Amino acid sequence: MGRRLVIPIAVVVGVVLLIVLGFASSYNGLVSRRAAVDQSFADLDAQLQRRNDLIPNIVNAVRAALKQEQAVFGEIARARQGYAGAQTVQQKAQASASIDSALARLLVIVENYPQLRSNDNIRDLQTQLEGTENRIAQSRRDYNAVATSYNVAIRKFPRNLVAGMFGFHEKPLFQAPAGAREAPNVNLDNAFSPSPSP
């Protein structure tokens, strides 16, 4: 009688052990994926902060050469403050889009005036900013790729059971807000008109 019970008990223990190992593997996999998403966002955030740190340098260099475009400088300052106060991925994406728009206006001004383009300091800052923008674009792609992979993983069976039990939630993608694809409107009609003499 005892031998007959050993085999069913061993089968039940084996099945339970397989289920536990499957859940542990799913949980550990989700933890690793979530950590990869968080790390990727930290990398993106570092690039966005680098750009934020470069902006005052280029603004000051352009401001010295072009005092008439105060509206652009104010827009850049507000956009930088918005990024500094952003907490969530969505808020940072929206603030980043505002910075993109303000910078685009500033760079259009620089490109339209030879005296700004010929300034070595502005040119060097522009090169640094372009390099940073390229790194930001790559970091956004990397973040969105790992976030998408993580989001798909927590929706697939049986990981969705583990995700639901242990509070794994979808990570938002870093997307530009509506209207971010529109070209900035820059009016340079009176930017370099001579000032009236006193």
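Computed quantities for the displayed model
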| item | result |
| --- | --- |
| Leading residue by the ranking (farthest from PHE157 (Cα to Cα)) among those in the stretch 1-37 that are touching a Lys or Arg at 6+ places or on another chain (Cβ under 7 Å) and among the aliphatic types (A, V, I, L, M) | VAL37 |
| PRO114, sole failed condition from (1) over 19 Å from ASN60 (Cβ atoms); (2) in contact with a helix residue (DSSP H, G or I) (Cβ under 6 Å, 6 or more places away or on another chain) | (2) |
| Test result for ALA77, of a type in the set (A, V, I, L, M), over 21 Å from VAL37 (Cβ atoms) and buried (at least 20 other Cβ atoms within 10 Å of the Cβ) | no |
| Pairs with Cβ under 7 Å, 6+ apart, first in the stretch 2-30 and among the small types (Gly, Ala, Ser), second outside any helix (DSSP H, G or I) | GLY22/PRO158; SER26/PRO158 |
| Which listed residue, of GLN87, GLN47, GLN68, GLN81, is modelled with pLDDT of 85 or more, out of contact with any strand residue (DSSP E or B) (no Cβ under 9 Å at 6 or more places or on another chain) and part of a loop (DSSP other than H, G, I, E, B) | GLN87 |
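Table: residues versus (1) within 17 Å of the chain's Cα centre (by Cα); (2) basic (Lys, Arg); (3) surrounded by 15 or more Cβ atoms within 10 Å (Cβ to Cβ).
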{"position": "ARG4", "(1), (2), (3)": "no, yes, no"}
{"position": "LEU17", "(1), (2), (3)": "no, no, no"}
{"position": "PHE23", "(1), (2), (3)": "no, no, yes"}
{"position": "VAL37", "(1), (2), (3)": "yes, no, yes"}
{"position": "VAL62", "(1), (2), (3)": "no, no, yes"}
{"position": "GLN87", "(1), (2), (3)": "yes, no, no"}
{"position": "ASP100", "(1), (2), (3)": "yes, no, yes"}
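The values are calculated or read from the model by the stated rules, or taken from the named source; none is laboratory data. These figures come from a predicted structure and were not determined experimentally. Positions of Cβ are generated from backbone atoms using ideal geometry, with glycine treated the same way; all protein chains shown enter the neighbour counts.
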